[in-house]
Amino acid sequence: FQTQSLRLSDLHRKSQLWRGIVSVTLIEGRELKAMDANGLSDPYVKFRLGHQKYKSKIVPKTLNPQWREQFDFHLYEEQGGIIDITVWDKDAGKRDDFIGRCQVDLSTLSKEQTHKLEMPLEEGEGFLVLLVTLTASAAVSISDLSINSLEDQKEREEILKRYSPMMMFHNISDVGFLQVKVIRAEALMAADVTGKDSFSKSDPFCVVELNNDRLLTHTVYRNLNPEWNKIFTFNIKDIHSVLEVTVYDEDRDRSADFLGKVAIPLLSIQNGEQKAYVLKNKQLTGPTKGVIYLEIDVIFNAVKASIRTLMPKEQKYIEEEDRLSKQLLLRNFIRMKHCIMALVTAVCYISSCFDWDSPPRSLAAFLLFLFVVWNFELYMIPLALLLLLAWNYFLIVSGKDNRQHDTVVEDMLEDEEEEDDRDDKDSEKKGFMNRLYAIQEVCVTVQNILDEIASFGERIKNTFNWTVPFLSWLAIVALSVFTVILYFIPLRYIVLVWGINKFTKKIRNPYAIDNNELLDFLSRVPSDVQVMQYHELKQDPTHSPSKRKKTSPV
């Protein structure tokens, strides 16, 4: 029985570990079929490899779209696999039109080489231009607690050497190394009730996710206090990623039941410390029953992490389509209102200076205005932002930061969770919204636009509020460099270099993926909603965290 159990455990481990990475860059489409009355289309592309799915952006009103997007798939089979690709025309208010499809057989492509493919569309017209690269698998593994890479002195030194400052420009995409020990859970929720005595139990297993990397523990049957004692290792592509650990109850007859979840930003992890994390609900807004004990180690190269911050984020697999939520729409509206009110407050403050409501303040503002305008130079703009960052840092360090906890966002999230629960129970009552498909699609678009605008304002605020110190320090370095450049170099030369770079970028690299470094940077800063979701809950006194520092290997 023990031998069979070991074989099953080994089979479970091997079935999860991918053998390679398939990187697909969607370049462009050519001569696609016109699906709209104006003789054009609004094309987008869907990719599928097994359970992994991606969707490209929509390019409006064209038959020759330029996408320039990259997607990474995990390859589980040594002999390769087949990527199914379908092209669709986006239609507002009705179902999207099918333009064509094609397939990429990965078994015909050689590894460690980039292949340019011009794929004709079947059941339609036109071509897709792709770049496909197959590479060896990253360092991902599952092992028992007794096999620990970081406790082996030789392996630890190799990992530290791989991410040392001397290797800052070697393989920029390999930012760091993550090791997660999933030890045990306590006092989980009972998902099943069986037996004559109504015995409550669960069959828990744990899912560990980092972006699109997803690994599972084995299932511990009939246990509310399971012990897994497993170690998972991942390669870190982006230090601003969030580690998600979710506990489910295995159910043979239907999909697994959710028991609890935690989300841990990599930059908030304290190495070598075993902690008891309070499990949260699906929306990560409040506690659910149980705690999970984890020990996490992160090793990364700060220079690589900084460079990677200015590159596009890795896209996540398509899990579910956006849906209309009354509470989510209201929450995004309130967040948007907060951003607008902050601007209105600033304008009112400036107006009060013009009206001399407070003579000392107006006099100081007037003298500052004369001084700045008379001596203004372009370098003063990043210098002013630097001073704002420094002032907020001083307030935080001195303990004078009196910002109030944003309870509005928390209340909105809790209301949204209650609405989701009602939706789960009363799904048959949603026929009215299903019949109003066109109106729902417009409302979802408005809902998402409000979320994007509110998140943009909150991310700017959180950069200057030192919500993520790593990003605020990076902003200080960038602003310092800009200040020095603007001080010593005439503006015309800076604009000249910028223009030459923009005009020659596609000539130098025809398949370069377009990006905006500032927007890529801001995409790593959490919004107020994300800050709330990543906030670590305090544990119940009856479950005091078992914290112990890891001893150094001898």
Fill in: Options 271, 150, 229, ranked by Cα towards positive dipole end of segment 141-309, top entry (Cβ charges)
271
Worksheet item: What is segment 113-261's relative contact order, in percent, from Cα pairs under 8 angstrom and six or more apart in sequence?
Response: 24 percent
Item to complete: Please work out whether segment 15-136 counts as rounded, prolate or oblate from its C-alpha gyration tensor, where a ≥ b ≥ c are the square roots of the eigenvalues and a/c under 1.5 means rounded, while otherwise a/b larger than b/c means prolate and anything else oblate?
Response: prolate
Item to complete: Can you tell me the dipole magnitude for segment 433-538 around its Cα centre, using point charges on the Cβ only (Lys, Arg +1; Asp, Glu -1), in Debye to the nearest 20?
Response: 420 debye
Worksheet item: In debye to the nearest 20, how big a dipole does segment 141-309 give about its Cα centre with +1 on each Lys and Arg Cβ and -1 on each Asp and Glu Cβ?
Response: 340 debye
Worksheet item: Which of the chymotrypsin sites (Phe, Trp or Tyr not before Pro) found in segment 171-273 are in a DSSP loop and have at most 12 neighbouring Cβ atoms, other than their own, within 10 Å?
Response: 221
Response to the item:
In terms of the charge dipole of segment 15-136, which places +1 on Lys and Arg and -1 on Asp and Glu at the beta carbon, the residue among 136, 113, 124 farthest towards the positive end is 136
Worksheet item: Arranged from highest to lowest average of other beta-carbon atoms within 10 Å per residue, in what order do the peptides 521-528, 306-313, 474-481 appear?
Response: 521-528, 306-313, 474-481
Worksheet item: Suppose every K and R has +1 on its Cβ and every D and E has -1 on its Cβ; what is the size of the dipole of segment 15-136 about the Cα centre, in Debye to the nearest 20?
Response: 320 debye
Fill in: Entries in 55/304; 57/90; 94/316; 46/304; 201/289 that, when Cα-Cα distance is taken, lie over 19 Å
55/304; 94/316; 46/304
Fill in: Per residue accessible area of segment 15-136, 1.4 Å probe, in Å²
48 Å²
Worksheet, complete the sentence: Here, trypsin sites (Lys or Arg not before Pro) of segment 69-159 satisfying both criteria (DSSP loop; at most 14 other Cβ within 10 Å) are 94, 95, 111
Worksheet item: How long are the three semi-axes of the equivalent ellipsoid of segment 169-303, in whole Å, if each is the root of 5 times an eigenvalue of the C-alpha gyration tensor, listed from largest down?
Response: 31, 14, 13
Worksheet entry | For segment 141-309: accessible area per residue (Å², 1.4 Å) | 42 Å²
Discussion item. Below 8 Å between Cα atoms, with a sequence gap of 6+, how large is the relative contact order for segment 15-136 in percent?
Written reply: 33 percent
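The values are calculated or read from the model by the stated rules, or taken from the named source; none is laboratory data. Please read all numbers here as calculations on a predicted model, not as lab measurements. Please note: Cβ atoms are built from the backbone with ideal geometry, for glycine as well, and neighbour counts cover all protein chains shown. All accessible areas refer to the heavy atoms of the entire protein, side chains included, with ligands and DNA or RNA removed. Shrake-Rupley method; radii C 1.70, N 1.55, O 1.52, S 1.80 Å.
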